[in-house]
Amino acid sequence: MKRVVMCFPEGRHKALTMSYDDGRNADKRLVDIFNRSGIKGTFHINSGLFGMPDRVSEEEVRTLYAGHEVSAHTLTHPTIARCPQELILHEVLEDRKNLERIVGYTVRGMSYPNGSYNRRIKELLPGLGIEYARVVPSSGHFGMPDDWHEWQPTCHHKHELMQQAETFVGLHKTQYLYLMYVWGHSYEFDQDNNWDVIEKFCSYAGGRPEIWYATNMEIVDYTKAFEQLKFSAAMDFVYNPSFLSVWLSVDGQPLEVKGGEQKQL
């Protein structure tokens, strides 16, 4: 029987994603840095706080974050583990509605405001159309999550970012999938006067052909597309019922299975 494992697009085994909260004006500089480096980010926004000081305006959102992902962060940023269920529903759904009206696509992810969550909230989110949610505690590792609604990042940008990047870039064992996930708040670079930290990181980690640069939602969608593949019992062919191409390693050789395609292995 053939040895078949999941790959990232183009047969890669490493991916990088970035995650930044609150929709502050410093996102403008951060997006420019990402764009110059070919890095993709997910930006979690409180749509109920448009018009507040130091916030990206509603009118700027669609253009500013083009090519990246706009994601939910609740309407007004409450500590939701302390909120009644009715308020949680309102905070998540209204944020989704507002953001979807602005960006023109479904908003299916979020990060927990103030890092606040519990099992009750995690169980609510799938019914609210939220397919992943990022937490604050970092893993320090480069593995794929096994709970999309408690998605741990690798690190905050303040915590040994370049050491983590150097380790990540040096990983070479293709029997594993490696994901580096960095999170933070763009305004922290202004507060700490250290924009050089993210400039250096993006210059070093960006533009590498062996790395897939993806948004949070792209990683979720791609992984789910792999999980939906229909393999024959003898592992001699596979059918892809989704619209996304999925890449496999078959006995060490990369193979693309296009959406709607049945392919011999």
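As a check on your grasp of the helix formula, calculate [θ] at 222 nm for the chain: sum -39500 (n - 2.57) over DSSP H runs of n ≥ 4, divide by the residue count, round to the nearest 500.
Numbers: 8 runs with 82 residues, N = 265.
Per the formula, -9000 deg cm²/dmol.
Projected label points at Arg119 and Asp146, each 7 Å from Cα along the beta carbon direction, are separated by 1.7 nanometres.
Please work out the C-alpha center-to-center distance from segment 29-86 to segment 103-121 and express it in whole Å. Segment 29-86 and segment 103-121 have Cα centres spaced 12 Å from each other. Extension gain for the segment Arg62 to Phe243, taken as residue separation times 0.36 nm less the Cα-Cα distance, is 62.7 nm to one decimal.
Secondary structure note: in the chain, about 40% of the DSSP beta bridges are antiparallel.
Calculate the tail of P(r) for segment 1-67: the fraction of all Cα-Cα distances greater than 20 Å, expressed in %. Above the 20 Å cut-off, segment 1-67 has 42 percent of its Cα pairs.
Can you pick out the pairs among Lys28/Lys173; Lys122/Lys200; Lys97/Lys263; Lys40/Lys97; Lys122/Lys258 whose Cα atoms lie more than 30 Å from each other? Over 30 Å Cα-Cα: Lys28/Lys173; Lys122/Lys200; Lys97/Lys263; Lys122/Lys258. Once the convex hull of all Cα atoms in the chain is built, its volume per residue stands at 129 Å³. Computed from the C-beta positions of Arg208 and Glu86, the FRET efficiency with R₀ = 35 Å rounds to 0.15.
Since every read-out is calculated from the coordinates, none of them should be taken as a lab result. Values in this document were obtained by computation on a predicted structure and should not be read as measured data. Virtual Cβ from ideal backbone geometry, glycine too; neighbours counted across all protein chains shown.
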